[in-house]
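Bear in mind these aren't lab numbers, they're just calculated from the coordinates by the rules spelled out. Every value quoted in this text rests on a predicted model; they were computed, and no experiment measured them. Quick reminder, even Gly has a Cβ in these numbers, built from the backbone with ideal geometry, and neighbours come from all protein chains shown.
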Amino acid sequence: MPSVETLLAHLKDETTPLSIARLYWLSDLSDEEFTRVAQVWSTLSTGRRRAIMSHLVDISEENMEVDFGRIFRMALSDPDPEVRAMAIDGLWYEDQDLQLMRRFFELFEKDADTEVRARAAIGLGRYFYNACILEQIPLSAVRPAIEALRQAFYNLDEPLEVRRRALEALGNTLEPDLPQMIERAYADPDERMRVSALFAMGRTGETHWAPYVMEALRNPSPAVRYEAVVAAGEIGIKEAVPILERLIEEGDTEIQEAAIWALGEIGGPRAREILEKIAAGEDEDLAALAEEALEELNLLEGAETFMPLLEMDLEAEEEEAEDWLAWWEKEELGLEEEEEEEDDEDNEEYQDRRWRGQR
């Protein structure tokens with residue numbers, strides 16, 4: 001390993017582009033090394049700190065072996081809100097450290113920046129899941145944060161971004177009024193809130209939301225369709241399988257990838273047939289995703305129970321979905337025209353999915 005002096009000299013030399021390879025040296029720092037990095041950090045320009053954080057977040061999402069946790073935690077107190085927001089993103093793998101949860105809660109309640117508060121809500125959502133669903137941490141530890149996010153959702157004076165991220169986090173809870181919150185959000189005139197409602201529907205895993213999700217699968221907005229595809233997978237809506245196949249054929253890359261993942265989650269003989277066809281296809285990227293989805297499907301169904309399913313008659317499953325597909329296709333011809341007229345800014349949510357790392 002090169003010396004820490006070499007690393008610090010590189011970070012401070014803002015006339016040269018950052019070396020991604022050298023940023024790996026920031027993983028698993030010793031106490032002494034971290035102290036020296038922290039001293040230099042405050043001397044870097046805002047642009048340099050942002051660039052470093054952006055690369056570290058990308059690296060940590062792609063490589064589970066690195067550990068930039070000390071850098072991300074330090075950056076939670078950075079004077080720049082964009083750096084603080086990225087630091088929360090970088091800590092996506094944390095869901096049991098209660099001290100960090102309290103720090104997220106503090107940022108949610110007190111930070112002056114809307115985006116930082118919204119990202120903190122997303123971070124808290126992982127703790128909610130661990131407490132309410134997995135029961136790996138005490139519910140009492142997250143109860144104050146749950147109440148704060150509930151109040152934020154109902155408070156119309158709160159920024160929309162904070163309210164909708166609060167709802168997404170609450171989707172990981174068993175709050176008795178969660179269905180009412182989701183229905184209220186789905187009826188909101190702002191598309192961003194409706195997207196968050198679909199996200200929360202998926203997190204609940206409740207089949208009650210299937211009609212809402214099926215309706216959203218034919219929405220002209222790619223952002224809405226994307227979230228509906230993911231929700232269909234999380235809930236396990238078998239009626240959505242033929243629609244997911246059609247969406248894959250339409251060629252929207254983000255939706256294609258989500259639909260392939262969803263098929264692996266939903267399972268069943270028809271989903272397997274579609275995935276196997278994609279896995280044997282010429283598109284190498286989609287084929288790789290299909291292989292991963294098939295592995296997930298195998299894990300879910302189990303080797304012993306899967307083989308008999310191959311012999312099942314697929315007609316019954318296809319007929320069950322026929323009405324849904326016909327309804328979905330009813331206005332399909334007008335869908336392309338509507339999409340062409342959409343303003344790209346309306347789909348900004350669709351273009352930036354980094355925060356989905358919480359899944």
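Could you sort 263-274, 136-147 so that the peptide with the highest average Cβ count within 10 Å comes first and the rest follow in order?
263-274, 136-147
Please list 51-64, 195-208, 5-18 highest first by mean number of surrounding beta-carbon atoms within 10 Å per residue.
195-208, 51-64, 5-18
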